[in-house]
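**Q** Have a look at this one before I ask anything.
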Amino acid sequence: MNHLETSLWLSGLLLITIFVIGAYRRDLIRQESLQEFERTKQALSLTPLPQTTKSPTLPLAKPSLSPDPVQSEVQWQSERTSGAVAVLRIARLDMEIPVHDGTDESVLSKGAGLIEGTARPGGRGNIAIAAHRDSFFRGLRDVAYGDLIELESFQRKATYRVSALAVVEPDDVQVLAETGEAALTLVTCYPFHFVGHAPQRFIVRAVATDLSPPVSRR
C-alpha cells in the first residue's frame with residue numbers, strides 16, 4: 001500500500017468515525033429531550049389551572065393563526081421555556097423525535113423545530129415542523145401515503161395520516177399557510193443524498209384522523 005492509498009484509507013476511516021460519533025451524540029441529545037418532555041408533562045399534570053373563565057390571549061407571529069382555546073397560560077409559558085414542546089412519532093419508520101420551538105441551528109441540532117407562525121402542537125390548524133434530512137428527518141425518505149403520524153403535546157395526542165408528498169422550492173411558503181383543517185406539515189431539505197446545501201424542500205402533509213380531548217389536570 002503506497003502513501004496515497006494509506007492517506008485515502010485513513011481519511012475514510014476518520015470520516016466514518018466522525019459520522020458515528022455525531023450520530024451517537026444526536027441520539028443522546030434526543031433521548032435527553034424526550035425524558036425532559038415526559039418530566040415536564042408530569043409536572044404540568046399536577047399544576048392547578050388558573051381560575052379564569054376567559055381564554056388568555058397568546059402572542060403569535062401571524063394574527064390569522066390562533067392556538068386551540070383549551071391551552072392554558074401556565075401550559076403556554078411552560079412550553080416556551082422547558083425545551084421540547086411535543087414529540088413526533090412515526091411508528092412504521094421507527095421515528096420518535098422531540099419537537100422544540102423555532103428552527104435555528106441550536107434547535108435543529110437537538111431535534112425537530114416548530115416553524116414560527118404556524119399552529120402549535122395541541123391545537124388545531126396547520127402545524128409545520130422542520131428538521132435536517134441527514135439527521136432527525138432522515139427516515140422521511142421512506143415515508144408513504146397512508147402512514148400514521150402521532151404528535152403528542154402537553155395537552156393531547158393527535159394522530160395524522162399522510163395525505164400528500166411534494167418537492168417544492170425553498171421560497172414556496174404556501175405549504176405553511178392555514179389549511180382550514182387540523183393538519184401537520186413536515187419540512188426537510190431535498191434530495192436526501194445531496195452533498196452540500198440541498199436546493200429543494202421535501203414536504204409531507206398529513207391530516208388529522210384523531211384529535212383526542214385535552215389531558216385532564218388535577
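The values are calculated or read from the model by the stated rules, or taken from the named source; none is laboratory data. The shown structure was predicted, so the numbers you read here are calculated from the model rather than taken from an experiment. Neighbour counts are summed over all protein chains in view; Cβ atoms, including those assigned to glycine, are modelled from backbone coordinates with ideal geometry. For accessibility, only protein heavy atoms count, side chains too; no ligands or nucleic acids. Shrake-Rupley method; radii C 1.70, N 1.55, O 1.52, S 1.80 Å.
**Q** Please work out which one of (1) under 21 Å from Glu96 (Cα atoms); (2) open to solvent by 10 Å² or more (accessible area, probe 1.4 Å) is the condition Gly180 fails and give its number.
**A** (1)
**Q** Given the conditions (1) aromatic (Phe, Trp, Tyr); (2) touching a helix residue (DSSP H, G or I) at 6+ places or on another chain (Cβ under 9 Å); (3) at pLDDT below 95, and given that Phe194 satisfies all but one, which numbered condition is not satisfied?
**A** Of everything listed in (1) aromatic (Phe, Trp, Tyr); (2) touching a helix residue (DSSP H, G or I) at 6+ places or on another chain (Cβ under 9 Å); (3) at pLDDT below 95, Phe194 misses just condition (2).
**Q** Got at least one residue in segment 171-183 being touching a His at 6+ places or on another chain (Cβ under 9 Å) and under 22 Å from Leu108 (Cα atoms)? Working first, answer last.
**A** Going residue by residue through segment 171-183, those that are touching a His at 6+ places or on another chain (Cβ under 9 Å) are none.
Taking every residue of segment 171-183 in turn, none turns out to be touching a His at 6+ places or on another chain (Cβ under 9 Å) and under 22 Å from Leu108 (Cα atoms).
**Q** Shifting gears a bit: Going by the conditions given, is Glu150 acidic (Asp, Glu), closer than 16 Å to Val87 by Cα and surrounded by 14 or more Cβ atoms within 10 Å (Cβ to Cβ)?
**A** yes
**Q** A further question follows. Which residue pairs have Cβ atoms closer than 9 Å, lie 6 or more positions apart in sequence or on different chains, and pair a first residue in segment 25-43 that is closer than 17 Å to Leu151 by Cα with a second residue that is in a helix (DSSP H, G or I) and modelled with pLDDT of 85 or more?
**A** Correct list of pairs: empty, since none qualify.
**Q** Anything in segment 125-145 that is of a type in the set (Gly, Ala, Ser) and either open to solvent by 30 Å² or more (accessible area, probe 1.4 Å) or in contact with a Pro (Cβ under 7 Å, 6 or more places away or on another chain) (or both)? List them, or say none. If you could, list the steps in order and put the result at the bottom.
**A** Of all residues in segment 125-145, those of a type in the set (Gly, Ala, Ser) come to 125, 128, 130-131, 135, 139, 144.
Residue satisfying the conditions is Ala144 alone.
**Q** Can you find a residue that is open to solvent by less than 40 Å² (accessible area, probe 1.4 Å), of a type outside the set (A, V, I, L, M, F, W, C) and touching a helix residue (DSSP H, G or I) at 6+ places or on another chain (Cβ under 8 Å) anywhere in segment 156-165?
**A** Checking segment 156-165: not a single residue is open to solvent by less than 40 Å² (accessible area, probe 1.4 Å), of a type outside the set (A, V, I, L, M, F, W, C) and touching a helix residue (DSSP H, G or I) at 6+ places or on another chain (Cβ under 8 Å).
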